[in-house]
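Working notes for the structure below.
The values are calculated or read from the model by the stated rules, or taken from the named source; none is laboratory data. Values in this document were obtained by computation on a predicted structure and should not be read as measured data. Here the Cβ positions follow ideal geometry from the backbone for every residue, glycine too, while neighbour counts run over all protein chains shown.
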């Protein structure tokens with residue numbers, strides 16, 4: 001018997017255990033049996049410690065089996081990936097941080113463990129769960145204790161997972177709190193913070209933006225490019241992460257004519273039984289691909305002309321089809337002919353929403369009712385003048401023929417319970433309606449049930465497309481050859497420029513796992529065999545491998561060419577600006593205008609116009625009142641600046657407030673950055689892309 005059932009029997013806390021699971025459990029799927037007959041290879045390393053494939057998969061297996069057995073849920077491929085990522089992150093965090101935590105002397109006693117589960121200091125995630133709260137909104141200790149007891153008895157594997165997570169997270173919190181409390185801000189830092197936000201400058205400047213001229217005016221030779229590359233290849237901002245470039249051709253597997261014929265034959269084979277069955281519901285659920293039974297009105301014109309005519313004129317119990325609609329074969333059975341009452345009315349709505357008084361609107365409705373009862377010819381004019389229903393005022397307040405399911409109950413009663421010609425008032429959530437019944441009739445509605453089957457490619461069709469893709473793979477061994485062959489076949493060679501090892505998505509592909517695995521294992525220049533991608537096949541070629549660290553020139557050729565051209569522009573602009581102090585004359589010479597910046601703060605780090613210029617701002621604030629700068633090279637433009645007014649920070653500012661604010665920011669950065677700092681220090685190598 002499922003554990004959920006046991007918990008229901010023993011405690012009635014089914015909702016509680018599900019609530020707890022949502023807090024601490026990440027969905028997942030059982031990995032395929034990858035460990036059989038294979039030694040424990042390294043899935044990755046944390047410092048000198050290896051993360052073995054077998055141990056990793058066992059942990060994933062425990063989580064997924066617990067999810068399946070303890071919570072009775074179906075697992076999807078997407079959930080599989082979530083569990084893998086969750087388990088990986090947990091293991092890495094354990095290996096990076098737990099040693100530090102224990103060395104710092106932290107531990108978790110049994111009493112404290114119980115206290116954060118069902119004591120006076122319940123964990124925030126459980127504290128906020130309504131399932132674990134009493135009538136006063138506070139944590140119900142008895143309910144929480146019962147929940148954890150039920151989990152331990154009825155879901156032992158999940159109990160161990162949950163226990164580990166609670167204990168580890170508590171220890172991590174203690175360690176992070178220690179780090180947070182260890183940082184401080186002194187008075188000098190607070191004064192600097194106050195000065196940075198309070199020192200202001202008003203200045204005029206001329207800026208010649210690098211993007212004001214095309215790069216083609218400043219050609220970059222191979223020698224220029226190589227020089228720039230040698231100077232900047234080791235810059236931190238250009239350090240590249242490992243990635244791969246590949247191209248692929250998609251061979252779509254689509255149903256053939258013979259596949260369509262086969263689908264028709266299958267439905268032909270059950271048509272007679274569909275007509276004679278005594279249990280339509282079970283028959284449809286058993287034989288329809290969507291496994292659902294629904295009796296729906298048939299709208300004339302839905303099917304093709306021939307089958308539409310057959311359905312519209314068929315007797316009850318008759319089956320029409322099979323016929324093809326898009327990629328669906330359909331068998332349609334006329335289930336019943338139903339009489340559907342319909343009404344046609346016109347109305348005036350006096351809204352009671354948006355603060356309008358109900359009493360006033362009711363009095364107005366009574367007055368309008370009296371008017372239209374005396375002279376119905378005035379109804380249309382009153383609709384235009386008084387009605388608050390924008391959907392009907394344009395046609396005199398008329399609602400054309402509708403059945404009893406369309407309107408709110410009160411309006412339906414006024415439309416169907418009154419005789420034709422009657423005018424009454426009804427109140428709904430919208431307000432007061434003056435309703436006149438213009439007509440009533442009965443429409444015959446043809447209701448049908450449908451068996452649907454998607455036209456799917458057969459194994460023979462898959463085999464034919466595979467043969468085509470395989471021949472393509474064997475004949476074309478370069479990207480150029482693949483492109484030419486693909487174009488000849490009416491296919492497309494799709495490039496993927498920068499594919500990271502941890503990427504789980506390929507543009508244009510469904511279910512790309514097989515292709516991802518091949519890309520991460522292939523050597524440069526390799527061409528793949530046909531790879532499964534959902535219901536299609538893929539042939540890929542790996543065109544480049546980019547290693548982590550210093551980029552190769554070819555990897556940054558386009559970027560560095562732009563940067564080198566920008567360097568040339570900067571040199572040219574600075575040369576033109578050299579020795580110029582008259583901003584108006586300089587602006588005219590450069591074809592720009594003199595701009596003004598008012599009350600710019602020092603720690604704003606931006607020049608008016610939306611450009612961040614850290615170094616330039618620093619140099620501007622070093623100017624004296626009335627002083628004009630030398631040409632300044634920025635990231636976005638070259639500048640000449642005249643300081644108009646430099647206003648230092650006032651004396652005696654709120655340094656205490658700045659100290660507290662700065663401390664909060666520093667502590668937040670420290671707390672959030674502990675794991676990342678430790679991780680970077682120890683070094684983590686992730687080789688999962690070679691296995692999954």
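Of the residues in region 435-450, not one is exposed (fewer than 12 other Cβ atoms within 10 Å of the Cβ), farther than 30 Å from residue 261 by Cβ and free of Cβ contacts under 8 Å to residues at least 24 places away in the same chain.
Within region 129-150, restricting attention to residues that are in contact with a strand residue (DSSP E or B) (Cβ under 9 Å, 6 or more places away or on another chain) and outside any helix (DSSP H, G or I), the residue that is surrounded by the most Cβ atoms within 10 Å (Cβ to Cβ) is 139. Note on region 311-338: among residues that are farther than 16 Å from residue 296 by Cα and assigned to a strand (DSSP E or B), the one that is nearest to the chain's Cα centre (by Cα) is 328. Here residue 324 fulfils each of the conditions (1) in contact with a helix residue (DSSP H, G or I) (Cβ under 9 Å, 6 or more places away or on another chain); (2) farther than 30 Å from residue 455 by Cα; (3) surrounded by fewer than 17 Cβ atoms within 10 Å (Cβ to Cβ) apart from (2).
Taking the residues in region 628-667 that are assigned to a helix (DSSP H, G or I) and without any contact (Cβ under 8 Å) to a residue 24 or more places away in the chain as candidates, determine which candidate is nearest to residue 606 (Cα to Cα). Only one residue fits best here, namely 665.
Contact map, region 226-252: residues that are farther than 18 Å from residue 553 by Cβ paired with residues that are assigned to a loop (DSSP other than H, G, I, E, B), Cβ distance under 6 Å, separation 6+ or inter-chain. Pairs shown: 249/491.
Can you find a residue in region 486-497 that is surrounded by fewer than 17 Cβ atoms within 10 Å (Cβ to Cβ), out of contact with any helix residue (DSSP H, G or I) (no Cβ under 7 Å at 6 or more places or on another chain), free of Cβ contacts under 8 Å to residues at least 60 places away in the same chain and not in a loop (DSSP other than H, G, I, E, B)? Yes, region 486-497 has at least one match. Scanning region 560-586 for residues that are at pLDDT below 95 and either under 30 Å from residue 245 (Cα atoms) or part of a helix (DSSP H, G or I) (or both) yields no hits at all. Yes or no: region 230-241 includes at least one residue that is assigned to a loop (DSSP other than H, G, I, E, B) and in contact with a strand residue (DSSP E or B) (Cβ under 7 Å, 6 or more places away or on another chain). Checked against the condition, which is being assigned to a loop (DSSP other than H, G, I, E, B) and in contact with a strand residue (DSSP E or B) (Cβ under 7 Å, 6 or more places away or on another chain), region 230-241 yields at least one hit. Among the residues of region 386-425, those identified as in a helix (DSSP H, G or I), in contact with a strand residue (DSSP E or B) (Cβ under 9 Å, 6 or more places away or on another chain) and either exposed (fewer than 13 other Cβ atoms within 10 Å of the Cβ) or not assigned by TED's automatic domain parsing to the domain that holds residue 346 (or both) are 395, 409. Quick one: is residue 606 in contact with a strand residue (DSSP E or B) (Cβ under 7 Å, 6 or more places away or on another chain) and either at pLDDT below 95 or within 29 Å of residue 227 (Cα to Cα) (or both)? In short, yes. Taking the conditions exactly as written (in the same structural domain as residue 421 (by TED's automatic domain parsing), part of a helix (DSSP H, G or I) and touching a helix residue (DSSP H, G or I) at 6+ places or on another chain (Cβ under 8 Å)), does residue 383 satisfy them or not? Taking the combined requirement at face value, the residue satisfies it.
When region 615-627 is limited to residues that are in contact with a strand residue (DSSP E or B) (Cβ under 9 Å, 6 or more places away or on another chain) and outside any loop (DSSP other than H, G, I, E, B), the one that is surrounded by the fewest Cβ atoms within 10 Å (Cβ to Cβ) turns out to be 615. When you go through (1) free of Cβ contacts under 8 Å to residues at least 24 places away in the same chain; (2) over 30 Å from the mean Cα position of the chain (by Cα) one by one for residue 101, which number turns out not to apply? Residue 101 satisfies all of (1) free of Cβ contacts under 8 Å to residues at least 24 places away in the same chain; (2) over 30 Å from the mean Cα position of the chain (by Cα) except (1).
Can you confirm whether region 60-70 contains a residue that is under 23 Å from residue 683 (Cα atoms), modelled with pLDDT of 85 or more and in contact with a helix residue (DSSP H, G or I) (Cβ under 9 Å, 6 or more places away or on another chain)?
Here is the first cut: in region 60-70, the residues under 23 Å from residue 683 (Cα atoms) are none.
Scanning region 60-70, I find no residue that is under 23 Å from residue 683 (Cα atoms), modelled with pLDDT of 85 or more and in contact with a helix residue (DSSP H, G or I) (Cβ under 9 Å, 6 or more places away or on another chain), so the answer is no.
Checked against (1) out of contact with any strand residue (DSSP E or B) (no Cβ under 7 Å at 6 or more places or on another chain); (2) in the same structural domain as residue 329 (by TED's automatic domain parsing), residue 463 passes all but a single condition, namely (2). Taking region 199-224 as the range and being in a strand (DSSP E or B) and either free of Cβ contacts under 8 Å to residues at least 40 places away in the same chain or farther than 18 Å from residue 631 by Cβ (or both) as the test, the residues that pass are 200, 201, 202. Considering each residue of region 198-217 in turn, none proves to be more than 29 Å from residue 593 (Cα to Cα) and surrounded by fewer than 17 Cβ atoms within 10 Å (Cβ to Cβ).
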